[in-house]
1. Output yes when any residue across segment 18-25 is modelled with pLDDT of 95 or more, in contact with a strand residue (DSSP E or B) (Cβ under 8 Å, 6 or more places away or on another chain) and charged (D, E, K, R), and no when none is.
2. When you look at Ile77, is it more than 14 Å from Val2 (Cβ to Cβ), touching a strand residue (DSSP E or B) at 6+ places or on another chain (Cβ under 8 Å) and free of Cβ contacts under 8 Å to residues at least 24 places away in the same chain, yes or no?
3. If I go through segment 39-80 residue by residue, how many of them are within 13 Å of the chain's Cα centre (by Cα) and of a type in the set (Phe, Trp, Tyr)?
Amino acid sequence: EVWTACFANNNHNSEDGGRVVLSGGDDGKCKIWDVRSSTFRPIHTITNFDAGVTVVSTHPRKDHVVAIGSYDESVSIYDA
């Protein structure tokens, strides 16, 4: 079950704008998706959580920096 999702690229005017989506859910994983892909599988999965992923958010100016919050009461920062 998906609990949260967001676009990874905040600059929608760029060539890559809006093509990557991050999702998190009750399986304790953050999945990264390329919306252009026809495989319907994530391009990367982050599994460092002991409970469901409740929030994912990119940095407002640095799209490669992502904050991920979990029901296990942790917040992790990733430089993707």
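1. no
2. Values: more than 14 Å from Val2 (Cβ to Cβ): yes; touching a strand residue (DSSP E or B) at 6+ places or on another chain (Cβ under 8 Å): yes; free of Cβ contacts under 8 Å to residues at least 24 places away in the same chain: yes.
Criteria met by Ile77.
3. Going through segment 39-80 one residue at a time, the tally reaches 1.
The values are calculated or read from the model by the stated rules, or taken from the named source; none is laboratory data. Nothing here was measured: the structure is a model prediction, and the numbers come from that model. Positions of Cβ are backbone-derived with ideal geometry, glycine not excepted, and every protein chain shown enters the neighbour counts.
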